[in-house]
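Structure first, commentary second.
Computed from the coordinates by the stated procedures, all read-outs in this text should not be read as laboratory data. This is a predicted model, so every value here is computed, not measured. Glycine gets a Cβ as well: all are built from the backbone with ideal geometry, and neighbour counts include every protein chain shown.
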Amino acid sequence: MRRITSLLVVSMFAGLGNLQQPPPPVSLVLLSIDGLRPEYVLDADRYGLKIPHLRQLLRDGAYATGVKGVLPTVTFPSHTTMVTGVSPARHGILANEPFDPLMHNLDGWYWYAEDIKVPTLWDAVSSAGFVTSNVEWPATAGARITYNIPSYWRARTPDDQKLHRLLATPGLLPEVEAAVGPYPPSYEWTVEFDGRRAAVSGYLIAKKKPRLHLAYFAALDEEEHASGPFSAKSLAVLERIDDLVGQLRAAADQNSPSVFAVVSDHGFHVTTREVHLNEALREAGLILVDGRGRVTGWRASAWMAGGSAAVMLKDASDAEARQSVERVLERLAADPDSGVDRVLDHAQAVAAGGYPDAAFVVGLKPGFRMGSSLEPPVVRVGELRGTHGMLPADPAMDSVFFIVGPGIPASRNLGRIDMLDIAPTLAARLRLESGLSHTEGRDLLAQ
């Protein structure tokens, strides 16, 4: 009897030990579909969309009905918020392109990871000793990513391919090209090229077994800019991207246990009118141009972001320039045909988490976009184009968040969430919350 009792005790403690074992670590595949509005998936039948893989995510996991974006609602700040959990004012990627009123940067973008001022998801995973990989997530040039193909272009010529090979992890592009075929130019965003990038992502997931893999598709955004959201061409592009979503989810499942998440960076509006804010500032004597229309001097200048702009002062203590800008903006805001929806002052911009040094931020109405002309008129009719960048309170700027995997409840409606919540939610699935302890958001799936 004593022997039986002893065996029972040993067996009981062994069982308790098994119960206390943590679940096995999961990998995460994070896919961004640039410009994907939630309505495309939540209301797919309304648009006649055949997107079975995206719709399956709603049934298999948790989803947001909308994601409130950051200021400004453009690609590079949004993507950086999604991997840091903080606003652009804190992480440092303030727009797609750095402020450059004299055009000295030759159309350079915020490509470089060293400009990110806080830890990222890939930093947390790397610090924990795990493998990471990336195919063109924005602001990843020079990132601490094991197998890195960053988003980068310069002259938009074939020579950019040579530069891209230099910036990628040494030897990685030749390796993937030998396996899956030629890598597309980083400055070309067609659905065919998204397909090639998907093949590269699949190869990296299968061969490198990353704990974190980042993937990015931009063909939908390109088509929405050209023909507008929900156009026949945009719908056709999304249906083809849906096939790629299925491919990446299948690749993630092969690297199980895995979490698969799909995000986007912003929504879209159709626009047909342009507001040339710098022309209004030029007329007020705040921008000087030469005979060729090139800027030679400035006291205030607009930093455009599609449907909004920050107005920057060359000298923050220049009270006269600030007052002149204020008069220009008050006049535009009072004109119902100007396209100006709302003007934020410096304190309001800071509270919204964007442009820490801006004097003002101007948000446009639906149907309007910022233009860059330095000739009259300030407001003019333009061609039809899709545009984003409006203030994040605009529901048409909402983006998406879908997540499936171990421990994630099926058909869980998260409601409208904040983009700040995405990074802490993903870090928690990776059990790496301590690596992103600085986040401003919350774990959406916390019990």
Charge dipole of the chain built from unit charges on the beta carbon (Lys, Arg +1; Asp, Glu -1), centred at mean Cα; most positive-end Cα among Val29, Val191, Ala168 is Val29
A student applying the Cα gyration tensor rule (rounded when a/c is under 1.5; otherwise prolate if a/b is larger than b/c, oblate if not) would label segment 270-387 oblate
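Going by how many other beta carbons lie within 10 Å of each one, how would you line up Thr81, Thr296, fewest first?
Working: Thr81 27, Thr296 10.
Least to most surrounded, the residues fall as Thr296, Thr81.
How high is the relative contact order of segment 172-282? Use alpha-carbon pairs under 8 Å, at least six apart in sequence, and give a whole percent.
Numbers: 80 pairs, mean separation 26.5, N = 111.
Answer for segment 172-282 is 24 percent.
What does the net charge come to around Leu445 if you take all other residues with beta carbon closer than 13 Å to its beta carbon, with K and R at +1 and D and E at -1? Walk me through the numbers on the way to the answer.
Values: positive: Arg412, Arg429, Arg431, Arg442; negative: Asp421, Glu433, Asp443.
Its environment carries a net charge of +1.
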Label model pair Glu383, Arg292: point-to-point distance (7 angstrom along the Cα→beta-carbon line) in nm is 2.5
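Once you have a ≥ b ≥ c as the square roots of the Cα gyration tensor eigenvalues for segment 48-181, tell me rounded if a/c is under 1.5, and otherwise prolate or oblate according to whether a/b is larger than b/c. Provide the component values of the computation, followed by the final result.
Values: a/c = 1.43, a/b = 1.13, b/c = 1.27.
Verdict is rounded for segment 48-181.
Which residues make up the longest stretch of the chain clear of trypsin sites (Lys or Arg not before Pro) that lie in a DSSP loop with no more than 14 other Cβ atoms within 10 Å, not counting the sites?
Working: sites that count: Lys50, Lys117, Arg156, Arg292, Arg294, Lys314, Arg431.
Value returned for the longest uninterrupted segment is 157-291.
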Relative contact order as a percentage, segment 270-387, C-alpha pairs under 8 Å and 6+ apart, gives 43
Going residue by residue through segment 44-53, the Karplus relation 6.51 cos²θ - 1.76 cosθ + 1.60 with θ = phi - 60° gives ³J(HN,Hα) values, rounded to whole Hz and with x marking Gly or Pro, of 4, 5, 4, 9, x, 7, 9, 10, x, 6
Whole-Å distance linking the alpha carbon centroid of segment 252-303 with that of segment 409-447 is 29
Computed for the chain: size of charge dipole around the Cα centre, +1 on C-beta of each Lys and Arg, -1 on C-beta of each Asp and Glu, debye to nearest 20, value 1620
Length-normalised contact order of the chain, Cα under 8 Å, at least 6 apart, in percent, tallies to 28
From the Cα centre of segment 91-106 to that of segment 47-67, the distance in Å is 35
Dividing the alpha-carbon radius of gyration of the chain by 2.2 N^0.38 Å, where N counts its residues, gives 1.07
With +1 at each Lys and Arg Cβ and -1 at each Asp and Glu Cβ, the charge dipole magnitude of segment 270-387 around its Cα centre, to the nearest 20 debye, comes out at 260
In nanometres, the difference between 0.36 nm per residue of separation and the alpha-carbon distance of Arg431 and Glu114 is 111.6 nm
When the charge dipole of the chain is computed with +1 on Lys and Arg Cβ and -1 on Asp and Glu Cβ about the Cα centre, the Cα farthest towards its positive end, among Ala316, Met370, Leu58, belongs to Leu58
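From the Cα gyration tensor of segment 185-295, with a ≥ b ≥ c the square roots of its eigenvalues, which class applies: rounded if a/c is under 1.5, or else prolate if a/b is larger than b/c, or else oblate?
Values: a/c = 3.16, a/b = 2.29, b/c = 1.38.
Cα axes put segment 185-295 in the prolate bin.
Taking other Cβ within 10 Å of each residue's Cβ, how do Phe217, Phe230 sort, fewest first?
Values: Phe217 30, Phe230 19.
The fewest-first ordering by Cβ neighbours comes to Phe230, Phe217.
Using Cβ counts within 10 Å as a stand-in for footprinting exposure, how do Thr190, Thr84 rank, fewest first? Provide the component values of the computation, followed by the final result.
On the way: Thr190 14, Thr84 29.
Fewest to most other Cβ atoms nearby, the residues stand as Thr190, Thr84.
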For the chain, the longest principal axis of the Cα atoms and the Cα long axis of helix 191-208 enclose an angle in degrees, to the nearest 10, of 40
To the nearest 20 debye, segment 138-265 has a Cα-centred charge dipole, built from +1 on Lys and Arg Cβ and -1 on Asp and Glu Cβ, of 660
